[in-house]
1. Does LYS30 satisfy the condition of being among the basic types (Lys, Arg), touching a helix residue (DSSP H, G or I) at 6+ places or on another chain (Cβ under 8 Å) and modelled with pLDDT of 90 or more?
2. Evaluate the following for PHE7: is it out of contact with any strand residue (DSSP E or B) (no Cβ under 6 Å at 6 or more places or on another chain) and under 23 Å from ASP88 (Cβ atoms)?
3. Please count how many residues of region 21-44 are part of a helix (DSSP H, G or I) and either surrounded by fewer than 17 Cβ atoms within 10 Å (Cβ to Cβ) or not assigned by TED's automatic domain parsing to the domain that holds ILE74 (or both).
4. What number of residues in region 50-68 are exposed (fewer than 14 other Cβ atoms within 10 Å of the Cβ) and not in a helix (DSSP H, G or I)?
5. Taking the stated definitions as given, is SER110 under 18 Å from the mean Cα position of the chain (by Cα) and of a type in the set (S, T, N, Q)?
6. If LEU59 passes every condition in (1) more than 18 Å from the chain's Cα centre (by Cα); (2) closer than 20 Å to LEU16 by Cα; (3) not polar (S, T, N, Q) but one, which one does it miss?
Amino acid sequence: MDKWRKFAYSIKLKDLDLYSTLSANDPILKDNFRIELGIYNTTQESDINSKRKDLLRYLRKQLNNTILDLHLVIDKSKEPKGVFTEKDKYKKLVEKNPKVDELRKKFGLSF
């Protein structure tokens, strides 16, 4: 748990959304060295998966266990209501209408 928090804290300044996701719920160590983390949505899943290799590399090294693995469990029933970052709002909008992202790219807009 301590190593998990240290990794989360190490990325706080670079990626506040990922830090929040990693800090929202405590990971649970299951059988066969499988770490299970409850998350709220596919946006969080994407954020974690983008840093999955770095996270596992760090944990495996710090815990001296090369067979650790990470399993994400989406539990929408616990999803916080109404608290979204701008990035979350945009991703939600793109999920509903992918053309929004195409227009953003076409006009050279940043997000």
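1. Taking the combined requirement at face value, the residue does not satisfy it.
2. When the stated conditions are applied, PHE7 passes them.
3. Residues that pass the stated criteria total 6.
4. 4
5. No.
6. Of everything listed in (1) more than 18 Å from the chain's Cα centre (by Cα); (2) closer than 20 Å to LEU16 by Cα; (3) not polar (S, T, N, Q), LEU59 misses just condition (1).
The values are calculated or read from the model by the stated rules, or taken from the named source; none is laboratory data. What you are looking at is a predicted structure, and each value in this text was computed from that prediction instead of being measured. Virtual Cβ from ideal backbone geometry, glycine too; neighbours counted across all protein chains shown.
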